[in-house]
Amino acid sequence: MKYLIDTHFHLDHYKNYLEIADKVNLLQQYTIAVTNSPGVFLSCKNIFSDSKYLKFAIGFHPQEAHLKRADLNDFMKLANRTEFVGEVGLDYSKKTFMDPVFQKECFEEIIRFCAMNNKILTIHIRKAEEDAISILEKYKPKKAIIHWYTGNEDHLQQLLDLDCFFSINTNMVSGKNADKYRIIPINRILIESDGPYTKVKGKRYSPEMLLEAYSVIAEFYKDRDLIMHVYNNFKELLLL
């Protein structure tokens with residue numbers, strides 16, 4: 001299925017990452033492999049050859065408490081090596097994560113950079129919706145994808161009003177809070193696996209399951225043409 005797109009995938013979190021990368025290319029599935037730090041991004045770029053189907057995003061994940069100002073400086077130096085940024089964001093859900101004040105400073109710098117340079121970015125938000133929305137309102141990046149959204153419907157609508165896209169995975173549409181995702185218009189939906197952190201019909205995600213994941217999500221949205229709708233949404237995102 002040459003039109004399948006996975007906008008959020010953690011290749012480096014698989015032990016057999018070389019085999020998984022080969023599988024993505026063999027299946028010809030357009031996949032954005034996010035990273036959690038500029039160091040991991042650089043390692044991935046050194047390990048894997050660029051390909052049509054596998055693209056690497058540079059990340060600065062708020063759960064990575066070890067990241068410091070020097071790492072943000074490295075992020076800014078390396079970010080021009082890719083058009084994809086992620087996983088970045090704000091996460092105030094645990095005290096063991098990056099200091100919230102530092103998180104906010106970094107997130108604002110990254111969003112400003114992405115807005116100025118028109119980067120495609122995938123954003124993680126947990127228990128920090130108001131701060132994230134405030135920063136997105138300030139800089140208005142055109143190519144923002146909200147990954148695995150867990151907030152309330154009011155904040156979801158505010159993000160839609162900012163023209164954000166939302167990447168949907170199988171766990172989201174099968175959980176107890178799934179109904180809130182129905183308010184997302186089809187033209188704002190993208191598909192993510194968040195592999196290896198999701199399951200498809202009870203099995204841990206692997207790239208050969210992407211078509212089945214689309215099927216599960218298509219059933220939730222009652223959209224028989226979801227594959228083409230998502231493909232067209234991603235094309236629109238690229239052209240913004």
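No value in this document is a laboratory result; all are computed from the given coordinates. If you're wondering where the values come from, they're calculated on a predicted model, not measured in any experiment. Please note: Cβ atoms are built from the backbone with ideal geometry, for glycine as well, and neighbour counts cover all protein chains shown.
Listed values, structure above:
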item	result
Simple label model, 7 Å out from Cα along Cβ direction - GLN28 to TYR139, nm	3.7 nm
Stretch gain in nm, segment ARG182-GLN157, where the contour uses 0.36 nm per residue and the Cα spacing is subtracted	7.9 nm
Under the Karplus curve 6.51 cos²θ - 1.76 cosθ + 1.60, θ = phi - 60°, whole-Hz ³J(HN,Hα) for region 187-203, x wherever Gly or Pro sits	6, 10, 9, 10, 10, 10, 9, 6, x, x, 9, 10, 10, 10, 6, x, 10
Extended-chain gain in nm, criterion 0.36 nm per residue less alpha-carbon gap, ASP71 and ASN232	54.4 nm
Computed label-point distance, nm, for sites LYS15 and GLU219 using a 7 Å Cα→Cβ extension	3.1 nm
GLU109/SER174 FRET efficiency (R0 51 Å; Cβ-Cβ; nearest 0.05)	0.90
Potential lengthening between LYS45 and MET116 on full extension [0.36 nm per residue; Cα-Cα distance subtracted]	23.2 nm
